[in-house]
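Worksheet: the structure to be examined is printed underneath.
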Amino acid sequence: MYPFRRSSRHVPGLLLFAASAFASSALGAEAAAQAPPDVVIKNATVMTASHGTLEHASVWIHQGKIAGVGASVDAPAQAQVIDATGKYVTPGIIDPHSHSALGDDVNEATSPVTPSMMMIDAFDSSDAALYDALAGGVTTELLLHGSANMIGGQAVVIKNKFGLPREGMLFPNAPRSIKFASGENPKRVYGGRNELPGTRMGNFEVQRQALEDARAYMAAWSAYDAKVAKGDKDLVPPKRDLKLEALADVLRGKLYVQIHCYRADEFLTEEAIAKEYGYKIRAFHHALEMYKVGDQIAPTGTAIATFADWWGYKDEAWDAIPWNAVMSMREGVRVALKSDSNDHIRRLNQEAGKMVHYGGATEDEAIRMITLNPAWIIGVEDRVGSIDVGKDADLVVWNVDPLSTYARAEKVYIDGDLFFDSSLPGFGTTHFHGVMHSAGFTGADDEGDGQ
């Protein structure tokens, strides 16, 4: 869906994205030149995700950060005031498992082990799916490699500043993540070609062998470095191998391991392999059978990023139940919800609402599943995911309770800058609105609502 209705009287999509390049350079320079103005959102129901829900509260945004939150804030008199009476404010929604803006380049399915692939090289910042996510309140996304490979490529973390150039959308200094996948997907991809791995046994053999190769690579470099330190001359260094270098970073703990995995038995196998080779798993993704072994996984500290109620779409999903997330949470597992879909990403707030229905999660727990918990999975919980002083001002103003099916995002702030405003005619994003108006396009909508 594009940010305007398709009509002969509208700007063609190609022209819109051509204009976005102009908007990106002009507005990116402008954003770099001056900090966003102070803003106070007042009289709102503020769902902080970290310290409960505050009624009739205010949030003060200063220089892109949250400078105050509470019944009153000490903002300067010249701050822009947004009256949010009857409305709700939440942290920006965080999607810990997205493939938005990667097009057909999600999988490098030419080998079951491709850890040196960089998803940033496939990232298309002009993809309209990013706008749709922004309109749904999503401010941060972990863009992952697909699940064709036992060990796939390295992810990219973005802030959803749609309309800025690609570099302006990257989440500064976010930790690195890598995608693993076990089970049905790599088994089907390579087994279908009569290649290794074609079974679950083959999956884990490939994974272990790759990690063994990385150990040997690290040992070779350690031996070389030791000889250099002793002053040995005329040494030939080991050959640099990008694949093994990436796997070595897994073993060094420099890459967060995100694993596509469905079945209870495979969670336990993956944890055993991680323990054997000395790395930690950051999260299991999908994790539809976690309710069976949550008590065994919780002590490891591994989180899950799961669906609310997807089931039966493949063999591994037949034992899925809609109570999985809450049951796993009650066992002590950190639980996040994710999209894995350009459609679901627009309604992650509703997916969180289902958690109240399925299993009786509190509203605070449900909100954390789409804010603070996914922030932890990505490794950015110290900067985003809750409404706390000092964190990035990534905020969403909702017309009603965000867990309601009637909720819609009215304003979305990222680093204190307003990137989506549903009150703007024709276009939702402030950046597009300004540049298109200056170019003579108003985005006027034949049917009146501009959506």
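Odds and ends about this structure:
- Selection count where residues are over 15 Å from the mean Cα position of the chain (by Cα) and under 16 Å from Arg166 (Cα atoms), scope the stretch 127-154: 2
- Strands (runs of 3 or more DSSP E) lying entirely in the stretch 73-189 (those with 3 or more residues that are of a type outside the set (Val, Ile, Thr) and out of contact with any Phe, Trp or Tyr (no Cβ under 9 Å at 6 or more places or on another chain)): 93-98, 177-181
- Residues in the stretch 396-436 that are among the hydroxyl-bearing types (Ser, Thr, Tyr) and buried (at least 24 other Cβ atoms within 10 Å of the Cβ) were compared, and the one that is modelled with the highest pLDDT is Tyr413.
- Just one of the listed residues (Ala32, Ala26) is of a type in the set (Gly, Ala, Ser), loosely packed, with under 13 Cβ neighbours inside 10 Å, modelled with pLDDT under 95 and not in a loop (DSSP other than H, G, I, E, B), and it is Ala32.
- Test for Leu144: is it in contact with a strand residue (DSSP E or B) (Cβ under 9 Å, 6 or more places away or on another chain) and either assigned by TED's automatic domain parsing to the domain that holds Val69 or touching a residue at least 12 places away in the same chain (Cβ under 8 Å) (or both): yes
Okay, residues lined up against (1) closer than 22 Å to Ala248 by Cβ; (2) of a type outside the set (A, V, I, L, M):
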{"site": "Ala148", "(1), (2)": "no, no"}
{"site": "Phe162", "(1), (2)": "no, yes"}
{"site": "Glu184", "(1), (2)": "no, yes"}
{"site": "Phe204", "(1), (2)": "yes, yes"}
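- Scan of the stretch 237-279 for residues that are of a type in the set (Lys, Arg) and under 22 Å from Arg200 (Cα atoms), ordered by number: Arg263, Lys275
- If you go through the stretch 238-262 and pick out every residue that is of a type in the set (A, V, I, L, M), touching a helix residue (DSSP H, G or I) at 6+ places or on another chain (Cβ under 9 Å) and in a helix (DSSP H, G or I), you end up with 6.
- Contact map, the stretch 187-207: residues that are within 16 Å of Gly152 (Cβ to Cβ) and assigned by TED's automatic domain parsing to the domain that holds Thr269 paired with residues that are hydrophobic (A, V, I, L, M, F, W, C) and at pLDDT 95 or above, Cβ distance under 6 Å, separation 6+ or inter-chain. Pairs shown: Val189/Ala109; Val189/Ala148; Pro197/Val206; Asn203/Met150; Val206/Met150; Gln207/Met150.
The values are calculated or read from the model by the stated rules, or taken from the named source; none is laboratory data. All values reported here derive from a predicted model rather than from experimental measurement. Virtual Cβ from ideal backbone geometry, glycine too; neighbours counted across all protein chains shown.
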